[in-house]
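Take a look at the structure set out below.
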Amino acid sequence: MGTTVKLRNVRITFPHIGVPDRFGKYSVGVLVTKDSPAHKMLMQRLREAWAAASDTYGRALFEPNPTNARLLRAAYIKDGDGEDAKGRPLPEWMRGCLQFGLASSKPGVVVDANLEPISPSDPDLLYTGQLCHVSLDLVAFNNQESHNSGFSRYLRSVVVLGGGEKIITQSGQFTDAVEEWSEEEE
């Protein structure tokens, strides 16, 4: 069972869509600002996926009317205004955003705004901070052995819109450019 989610005007991080990452997966991070239409779409599709999982796996695992925090935890999506597992605030670059990674065992489909294929391994075309549309699948799971249930996320495609300031410095730290992300382009 899967739910496709199409997020418009989000920023990508650490793209490894054309060349596998160090784990041999094709992956990309996604930043979704909380005041954006993409955030609203993501939460709506999470609720739909939750309802479908409740029908399949039962209400004991996927209880009715979950909170937003419960939905995000089930999908392993970080709330940038929250804390890490040790109770420390998350990095400044995540403030006001939801952050999650997507992976696939095969290269993702990458096209430009005209839907023409582009090279996903070209760092001048695909970089951290790039403005994109991202399509993903949410797939519910129930691991009875570990008593764990939730959602896996899988990369489908990326539409590179162009623009977007590179937000990684040579040392790998995010710059203050993230603060400029509060306004989404339509």
With the structure loaded, tell me whether A74 is touching a Gly at 6+ places or on another chain (Cβ under 7 Å), within 24 Å of H147 (Cα to Cα) and crowded, with 18+ Cβ neighbours inside 10 Å or whether it fails that test. yes
Residue pairs qualifying under the 9 Å Cβ cut-off, at least six apart or on distinct chains, with the first in the range 96-115 being at positive phi and the second being part of a strand (DSSP E or B), are G96/T33; L115/V159
If we scan the range 55-75, do we find a residue that is assigned to a helix (DSSP H, G or I), in contact (Cβ under 8 Å) with a residue 40 or more places away in the chain, more than 14 Å from the chain's Cα centre (by Cα) and farther than 27 Å from V110 by Cβ? yes
Condition test on G162, is it more than 15 Å from L61 (Cβ to Cβ), outside any strand (DSSP E or B) and in contact with a Lys or Arg (Cβ under 7 Å, 6 or more places away or on another chain)? no
Can you find even one residue in the range 83-95 that is crowded, with 17+ Cβ neighbours inside 10 Å and closer than 27 Å to P120 by Cβ? yes
Do the conditions hold for G18, that is, is it in contact with an Asp or Glu (Cβ under 7 Å, 6 or more places away or on another chain), closer than 25 Å to V158 by Cβ, surrounded by 13 or more Cβ atoms within 10 Å (Cβ to Cβ) and not aromatic (F, W, Y)? no
Could you count how many residues in the range 110-149 are of a type outside the set (S, T, N, Q) and in a strand (DSSP E or B)? 14
For the range 76-109, name all the residues that are of a type in the set (D, E, K, R), more than 25 Å from Y154 (Cβ to Cβ) and assigned to a loop (DSSP other than H, G, I, E, B). D81, K86, R88, R95
Can you name every residue in the range 34-54 that is buried (at least 17 other Cβ atoms within 10 Å of the Cβ), within 20 Å of W93 (Cα to Cα) and over 13 Å from the mean Cα position of the chain (by Cα)? S36
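Bear in mind these aren't lab numbers, they're just calculated from the coordinates by the rules spelled out. These numbers were taken from a predicted model, which means no experiment stands behind them. Here Cβ is always computed from backbone atoms with ideal geometry, including for glycine, and neighbour counts include all displayed protein chains.
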